[in-house]
1. Taking only the stretch B:66-109 into account, find how many residues are more than 13 Å from residue B:226 (Cβ to Cβ) and aliphatic (A, V, I, L, M).
2. Out of all the residues in the stretch B:117-130, which are surrounded by 23 or more Cβ atoms within 10 Å (Cβ to Cβ) and either more than 30 Å from the chain's Cα centre (by Cα) or more than 8 Å from chain A (Cβ to nearest Cβ) (or both)?
3. Go through the residues of the stretch B:239-249 one by one and say whether even a single one is of a type outside the set (A, V, I, L, M) and more than 14 Å from residue A:97 (Cβ to Cβ).
4. Can we say residue A:108 is under 19 Å from residue A:67 (Cβ atoms) and either within 14 Å of chain B (Cβ to nearest Cβ) or at pLDDT 70 or above (or both)?
5. Is there a residue being within 14 Å of chain B (Cβ to nearest Cβ), under 22 Å from residue B:64 (Cα atoms) and either surrounded by fewer than 24 Cβ atoms within 10 Å (Cβ to Cβ) or at pLDDT 85 or above (or both) anywhere in the stretch A:6-22?
6. Can you name the condition, by its number, that residue B:349 falls short on among (1) within 30 Å of residue B:39 (Cβ to Cβ); (2) assigned to a helix (DSSP H, G or I); (3) of a type outside the set (Asp, Glu)?
7. If a residue must be under 32 Å from the mean Cα position of the chain (by Cα) and either closer than 21 Å to residue B:298 by Cβ or surrounded by fewer than 18 Cβ atoms within 10 Å (Cβ to Cβ) (or both), how many such residues does the stretch A:42-87 contain?
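The values are calculated or read from the model by the stated rules, or taken from the named source; none is laboratory data. Since we're looking at a predicted model, the values are computed, not measured. We place every Cβ from the backbone using ideal geometry, glycine too, and count neighbours over all the protein chains shown.
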Amino acid sequence: MIPDFFQTFLLLDLFPLVSALLAAISCGLLGNFLVLRKQSLMGDAISHAVLPGLVAAFLITQSRSPGMMFLGAAISALATVVLVDLIKRLGKVEPGAAMGVVFSVLFALGVLLLENASARSVDLDANCVLHGNLQTLFWTSSPTEWNQLLTPDTLGEIPRQVWTLLGTALAVIAFVSVFFKELRIVSFDPGIATIQGIHAGMMHMALMGFVAIAAVASFDAVGSILVIAMLICPAATARLLTDRLGSQIIVSVIVAIITAIGGYTLAALLGVNAAGMMASFAGVVLATAMIASPSHGIVAKALNHRRLGNLVALEDLLGTLYRLSEQDNEASIANLYASLGVDNRTTKAIDRAEFDGLIVRVNDHIQLTDEGKHQGASIIRRHRLWEGYLVTEAGLSPDHVHETAEQLEHLKGLGVRTDIQPERDPHGKPIPPE
Amino acid sequence: MRPGGTSVQPLIEPIDNASEIVKVLTLHGGFNTNAVILGTTLLGIAAGVIGAFALLRKRSLTADALSHATLPGIAGAFLIATALGYSGRSMPVLMLGAAITGVIGVACIHLILQHTRLKEDAAIGIVLSVFFGIGIVLLSVVQTSKTGSAAGINHYIYGQTAAMTRSDAYLMGTIGVIASLIALVMLKEFMVVCFNEGFARSTGMPVWLIDSILLGLVVLITVSGLQAVGLILIVAMLIIPPAAARFWTDRLWRLVLISAFIGGLSGYGGAAISAIFPRKPAGSVIVLVAGSLFLVSMLLAPTRGVLADTARRIRLRLLIARDHVLESLYEIELGIANSMHPHASWWLIRLMSLRGWIKQDPHGLVLSESGREQGKRIHRNHRLWEQYLVSYADIAPTHVDWSVDQVEHVLSDELIADLEAALLERGISIPASNGGRA
């Protein structure tokens with residue numbers, strides 16, 4: 001006996017969820033290449049522009065025959081790609097505008113046809129086009145016993161949308177894995193691809209063809225809005241999390257799965273439109289990645305920036321103290337503030353240096369410890385070596401190099417030339433030894 | 001206007017329809033219809049003007065994201081207004097909501113561009129789909145809530161003029177006029193920012209402020225067109241007219257004028273057609289009218305149109321082929337060549353003898369007086385340029401001929417005089433036109 005809640009799940013939620021997952025995976029995979037090639041909006045254009053094809057097929061055959069609808073949509077998707085290219089080339093119109101012209105005209109045509117179609121009282125509804133009709137995909141003869149789960153009878157009741165989406169997902173996975181190398185080269189460098197004998201134009205058309213297929217197959221179940229969201233958001237999220245294309249693709253599929261399940265669950269709990277919720281959830285996931293990505297996130301970048309700022313402040317402090325000690329000047333705290341500027345950063349740098357044992361405070365004076373002196377010397381050494389370099393190699397005049405050297409001294413590991421060991425900098429000050 | 005039950009009526013119907021059509025087109029079709037047509041026309045003009053700047057500033061698709069991002073605002077405004085006890089369908093309230101989320105959407109695009117390595121296309125796509133998704137979610141909340149049906153709100157997606165009241169139409173028209181006026185006042189600033197942002201910055205122009213004003217105008221057009229055209233198609237009114245106008249001119253103020261004209265015509269035509277025929281949603285018809293105008297412009301425009309361009313190209317190719325034939329005939333006469341140029345085909349020969357460049361005689365083709373003159377000139381140009389390339393451009397004499405063949409046709413008289421002078425100065429003798437290398 002299958003428990004009640006699970007029976008309800010099988011009846012109402014299993015197929016919508018599976019459809020959404022399959023659509024998300026197909027679109028998410030293909031989206032990687034669209035985002036890389038800066039053609040994300042081609043997916044948008046295609047998913048708007050398949051409308052007239054769908055409706056025309058419906059009007060001609062007078063039925064929702066899936067094969068014909070698919071054909072109609074595929075034809076208008078292809079027409080979109082060709083028309084955009086044609087207008088771009090013949091009319092010398094900016095790509096964005098060319099896309100806008102084509103998809104809006106085709107979509108308008110679709111809406112017009114749709115109005116005519118629904119005038120004949122049929123079940124093709126303008127709003128379904130946007131957000132699909134996931135809720136109609138219930139399993140009419142969902143099993144009540146475990147042993148009925150996989151019998152031919154119950155399996156035969158699986159809605160055709162699920163089969164279409166399954167086929168599409170498998171085709172897309174096959175396409176991406178077989179042509180991974182070609183897609184990668186074409187996406188990054190079409191010129192190199194052509195030299196290697198890969199037809200960049202053909203790959204472009206093949207990719208667009210698969211985007212069209214995925215859009216058309218997903219359309220019926222999840223609606224165009226989810227197609228667009230899934231083509232762009234998972235790939236964009238993955239792009240913020242990884243640097244390599246291979247891992248980006250894997251991450252994008254994981255993100256697509258999380259988005260589909262999370263969005264669907266939320267929609268079911270709140271009782272709102274599932275396709276819309278999944279698209280919104282894709283946005284939430286993306287925003288999270290944008291903020292919290294360990295390598296490219298806003299927080300990580302801000303922290304890194306701050307850490308660097310503190311380091312620079314500390315190095316400036318040690319350098320200044322070293323200079324003062326060179327001239328046998330007393331380093332009073334007031335003196336330090338005068339030369340480094342009165343700000344929070346300097347105060348923090350003093351605390352930090354004291355904590356690390358680089359300086360000691362004696363009354364209101366500061367003295368470098370041996371370790372502090374060593375580090376200060378190496379900073380001043382870098383500074384003066386850079387000054388020397390800027391004068392002798394870059395041809396700057398000695399009184400213009402201080403500011404530049406002040407910034408360059410913080411760079412490490414650049415391998416300042418060690419074969420010449422000047423004793424003094426352009427101003428005649430000694431360069432401390434290593 | 002549907003055929004009635006009797007069999008006589010369909011015969012009378014077309015006549016009735018015809019006068020009805022004229023009435024609507026000449027703005028005699030009833031007060032409400034007139035208001036809608038007028039409002040849409042004004043909106044179309046404004047969209048044409050502002051779209052022109054948006055296109056030049058490459059903001060066309062930002063407007064697409066913006067218009068999709070208005071949906072959560074519309075649904076949200078409806079929910080909030082009904083919760084507070086006001087009518088959720090009042091147009092100003094919904095427009096305010098739409099404008100707020102639209103602007104938030106554009107701000108999100110900027111945030112994404114600023115803080116991540118995603119490119120503009122991805123940022124636009126993300127905002128477009130996520131905001132629209134949120135809107136769909138809110139719409140489904142509206143539909144299930146007890147406070148009211150969402151029937152009025154759904155119209156904002158695809159647009160419906162039939163649901164518009166007269167005051168809605170007036171509001172739309174007024175906003176159109178105001179937006180156009182602002183755009184015309186700012187013409188100079190927009191122009192500088194569009195064509196030379198760097199220059200604008202260096203002269204201390206507040207580029208961000210000008211951009212924000214442009215964006216504000218786009219928002220105005222978008223939200224005021226929502227009810228008539230719908231949020232998916234409103235962007236077409238901003239993109240198509242300027243893209244079509246671009247074929248007709250290279251000058252900015254003409255571009256703005258033509259774009260305004262095309263936009264106004266689309267608005268007028270679309271609204272009128274949808275008033276005449278039942279079940280023709282105005283938004284789609286407007287966009288299709290604009291699309292047809294785009295197609296006409298792309299094919300027929302005299303300067304940048306596809307047909308004119310093709311004709312120009314064919315003409316140039318014919319001229320070059322003619323020159324080659326004349327040159328080789330002249331060289332055959334001189335005895336320095338003995339075969340015809342491969343460009344000579346029977347129809348070209350025929351065309352040339354019709355024009356009187358060449359004559360048929362029993363021994364074959366001979367040059368007419370004018371043809372000989374022309375052949376001589378081309379031959380001399382060829383030699384002159386060849387000489388120039390050899391002495392100035394360091395090209396090996398064996399490689400000269402090929403590049404000369406392409407250039408000899410486009411040498412202007414001044415350039416020839418310059419070449420002669422330059423060669424003389426270097427003490428290089430100018431090639432004579434009789435083929436001798438002097």
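1. Qualifying residue count for the region: 11.
2. B:123, B:127
3. Scanning the stretch B:239-249 turns up at least one residue that is of a type outside the set (A, V, I, L, M) and more than 14 Å from residue A:97 (Cβ to Cβ).
4. no
5. Checked against the condition, which is being within 14 Å of chain B (Cβ to nearest Cβ), under 22 Å from residue B:64 (Cα atoms) and either surrounded by fewer than 24 Cβ atoms within 10 Å (Cβ to Cβ) or at pLDDT 85 or above (or both), the stretch A:6-22 yields no hits at all.
6. Every listed condition holds for residue B:349 apart from (1).
7. Within the stretch A:42-87, residues that are under 32 Å from the mean Cα position of the chain (by Cα) and either closer than 21 Å to residue B:298 by Cβ or surrounded by fewer than 18 Cβ atoms within 10 Å (Cβ to Cβ) (or both) number 17.
One line per residue, one yes/no per condition, for (1) surrounded by 15 or more Cβ atoms within 10 Å (Cβ to Cβ); (2) touching a Pro at 6+ places or on another chain (Cβ under 7 Å):
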site: B:302; (1), (2): no, no
site: B:308; (1), (2): yes, yes
site: B:313; (1), (2): no, no
site: B:318; (1), (2): no, no
site: B:323; (1), (2): yes, no
site: B:332; (1), (2): yes, no
site: B:335; (1), (2): no, no
site: B:339; (1), (2): no, no
site: B:342; (1), (2): no, no
